[in-house]
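Trainee: Please see the structure below; I have some questions.
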Amino acid sequence: MRRPRRASREADRLPGGPPWVLLAPALLGLAFLVLPLLGLLVRAPWSTLGTRLLQAQVMEALRLSLLTATLATGLCLLLGVPLAWTLARVRFPGVRLVRALVTVPLVLPPVVGGVALLLVLGRRGLVGGWLDRAFGLTFPFTTAGVVLAEAFVAMPFLVISVEGALRAADLRYEEAAATLGAGRWTVFRRVTLPLVAPGVAAGAILCWARALGEFGATITFAGNFPGRTQTMPLAVYLALETDPQAAIVLSLVLLAVSVAVLAALRDRWVGGAR
């Protein structure tokens, strides 16, 4: 029989109060993480917030950021879900190496990722040169380049989330569908995807938020051109030198997005820890 949630919480607690040797650094760590965000809220120009949000450069950076982050998330879904399924369901030599390579952008400095994209997709890159000569396609310093840079750094979040959901899914449903004559594509589309839909949704939200906040790879591969490649993080960087109040406003928008992402994933993260 499942224990009531309240009883389960009380059973998980240790008797006695928490030791100060742990509580003191815990409080310092919490202050270290929370105080900068509070400082952002305290210094925000609340009286002119609406006017500054409606400024042309702010609205253009916001529009471009939402557009490129959404397109990057769509690209990650198109490529990342099949990749996650392959890692979770297919056994082949080197699967651990492939899984490690997929997660490299998580720990790779974004600027290095931007340099790597330039070396591959630049006009003189390994693939970019051929794309330019054959089809006239160029990605560096374009809006499409922003989408590619954001997808490069954000896709591992989606792949990891979907692969975890696939590994946790009950294979008996897929086996039953195959026994009834369904093909592999039908099983994937009608059985597997509905089973892992929460994992796909969580991965897509994380992917979108990471793409929205991308800076290093974007400025290295796509540059910082207003209206074409200047997303909100780049606009914050530029505004710090010319208009610090605008930088705070843009930062508040990104902070609001981060809080919304955490709220959307509350049941998946916080609820699972209770």
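The numbers here are math on the coordinates, done by the rules we state, and not lab data. This one's a predicted model, so the numbers in the text were calculated from it and none came from an experiment. As a convention, Cβ positions derive from the backbone with ideal geometry for all residues, glycine included, and neighbour counts pool all protein chains shown.
Trainee: May I ask you to list, by number, the DSSP H helices of the chain whose Cα span along the axis is at least 20 Å and whose average Kyte-Doolittle hydropathy reaches 0.5 or more? Before the final figure, lay out each step's value.
Mentor: On the way: long enough: 20-42 (31 Å, 2.51); 56-89 (48 Å, 1.25); 143-168 (37 Å, 1.53); 197-212 (22 Å, 1.36); 244-264 (30 Å, 2.31).
Span-like helices here: 20-42, 56-89, 143-168, 197-212, 244-264.
Trainee: Please say if region 5-147 is rounded, prolate or oblate, where rounded means a/c under 1.5 for a ≥ b ≥ c the square roots of the C-alpha gyration tensor eigenvalues, and otherwise the choice is prolate for a/b larger than b/c and oblate otherwise?
Mentor: Verdict is oblate for region 5-147.
Trainee: Say each of R133 and S47 gets a label point 7 Å from the Cα, pointing the same way as Cα to Cβ; how far apart are those two points in nm?
Mentor: It works out to 6.3 nm between the two label points.
Trainee: Expressed as a whole percent, how much of the Cα-Cα distance distribution for the chain exceeds 23 Å? Don't jump to the answer; show the numbers that get you there.
Mentor: Details: 24365 of 37401 pairs.
The proportion of pairs with Cα distances above 23 Å equals 65 percent.
Trainee: Also, I was wondering about something else. Dividing the Cα radius of gyration by the Kirkwood radius, what Rg/Rh value follows for region 158-218?
Mentor: That ratio equals 1.16.
Trainee: Also: Where the only charges are on Cβ atoms (+1 Lys, Arg; -1 Asp, Glu), what is the dipole of region 55-271 about its Cα centre, to the nearest 20 debye? Display every interim value, and only then the final one.
Mentor: Values: 17 positive and 11 negative charges, 148 e Å.
For this selection, approximately 720 debye.
Trainee: Which values of log₁₀ I(q)/I(0), to two decimal places, follow from the Debye formula for region 118-274 at q = 0.10, 0.14, 0.18 Å⁻¹ with a uniform point scatterer at every Cα?
Mentor: For the requested q values the scattering log ratios are -0.55, -0.88, -1.06.
Trainee: Separate question: Compute the orientation-averaged projected area for region 114-178 from the convex hull of its Cα atoms and round it to one decimal in nm².
Mentor: Working: hull surface 27.2 nm².
Computing the convex hull of the Cα atoms and averaging its projections yields 6.8 nm².
Trainee: A follow-up question, please. Which of the trypsin sites (Lys or Arg not before Pro) found in region 43-125 are loop residues per DSSP with 16 or fewer other Cβ atoms within 10 Å of their Cβ?
Mentor: Details: sites: R43, R52, R63, R89, R91, R96, R99, R123, R124; in loops: R43, R91, R123, R124.
Those that pass, being in a loop and sparsely packed, are R43, R91, R123, R124.
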